[in-house]
1. Once phi is turned into ³J(HN,Hα) by the Karplus curve 6.51 cos²θ - 1.76 cosθ + 1.60 with θ = phi - 60°, what whole-Hz value does each residue of the range 175-190 show in order, with x for glycine and proline?
2. Distance between the C-alpha centers of the range 51-109 and the range 114-160? Whole Å please.
3. Return the Cα extents of the chain along principal axes one, two and three, sorted largest first, each rounded to a whole Å.
4. Bin by bin, in steps of 5 Å, what percent of the Cα pairs in the range 85-161 do you find, going until the bin that has the longest distance?
5. Would you mind getting me the FRET efficiency between ALA88 and ALA172? Use the beta-carbon distance for r and R0 = 45 Å, nearest 0.05.
6. So how much slack lies between ASP199 and GLN217, counting 0.36 nm per residue of separation and subtracting their Cα-Cα distance, in nm?
7. Mind checking the dipole of the chain: about its Cα centre, +1 per Lys or Arg Cβ, -1 per Asp or Glu Cβ, Debye to the nearest 20?
8. Might you tell me the accessible area per residue for the range 81-224, computed with a 1.4 Å probe and given in Å²?
Amino acid sequence: MTDPVADLRLRQLTSAALPVGAFAYSQGLESAVELGWIRGPVQAQQWIGGLLEHTLSRLEVPLLARLMAAFASADEAAAERWSGLLLAMRDSAELRAQERALGTAWAALLVDLGVPGAASWAERPQRTALALYALAMVHYGIAVQDAAQALLWAWLEAQASAALRAVPLGHAAAQQVIHTLAAAIPAAVRRGLALADEDIGAGAPALAIASCRHETQYSRLFRS
């Protein structure tokens, strides 16, 4: 990235301090801990790494590229279609609610930051956090590869943070998980950006089961 201001905007929008409430969601990880599937750093790394390879690289990354292209060409219908596809591929009510809630929070934040077009997404049924992130990336002139890599980094950091609290992991163990899996992000981005439209999609049965079980879990730290 050659524009230093764009680089700083990207850092801001992928920071854990971003006030959209993402820290409140574990995306099924908490339930996987409750079910005994994740008992320590080895299983945490396997769980997070598996999702990175089999879901994010095959769903979020290619959809981000298409959403950014839609916003860059002012094609709102295409943006709604791709964002709606992401919602349709979320396997549980909790995961769909998370997308919509974070999408609403992202829209409010981007309105405050003066990003054109964000307000119209606040109440759209097809709103997702990924769509609003894509809108911001286009507004700030971020290249799609940089945007995708930063997105996966932010997700990895959030998952490690959730594991730190739910497993629980020690801080050093959580950092080791991040250190190991961060090296897989560039390849995940390349795979995702190379996918054709008909190849977009991910299947993670264990995540779907964990997320559905989380909806009725008795004691919870997270909203998903």
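The values are calculated or read from the model by the stated rules, or taken from the named source; none is laboratory data. Quick caveat, the model's predicted, so the values are computed rather than measured. Using ideal geometry, Cβ is built from the backbone for each residue, glycine included, and neighbour counts are taken over all protein chains shown. The accessibility values were calculated without ligands, DNA or RNA, using every heavy atom of the protein model including side chains. Shrake-Rupley method; radii C 1.70, N 1.55, O 1.52, S 1.80 Å.
1. Along the range 175-190, the couplings run 5, 5, 4, 4, 4, 6, 6, 4, 5, 8, 5, x, 5, 4, 5, 4 Hz.
2. That distance is 9 Å.
3. That works out to 47, 36, 36 Å along the principal axes.
4. Pair shares across the bins are 3, 16, 23, 24, 23, 10, 2.
5. Once the sixth-power term is evaluated, E becomes 0.70.
6. Values: separation 18, 0.36 × 18 = 6.48 nm, distance 3.39 nm.
Stretched fully, the ASP199-GLN217 segment lengthens by 3.1 nm.
7. On the way: 17 positive and 20 negative charges, 85 e Å.
So the magnitude is around 400 debye.
8. With all protein chains present, the range 81-224 gives 47 Å² per residue.
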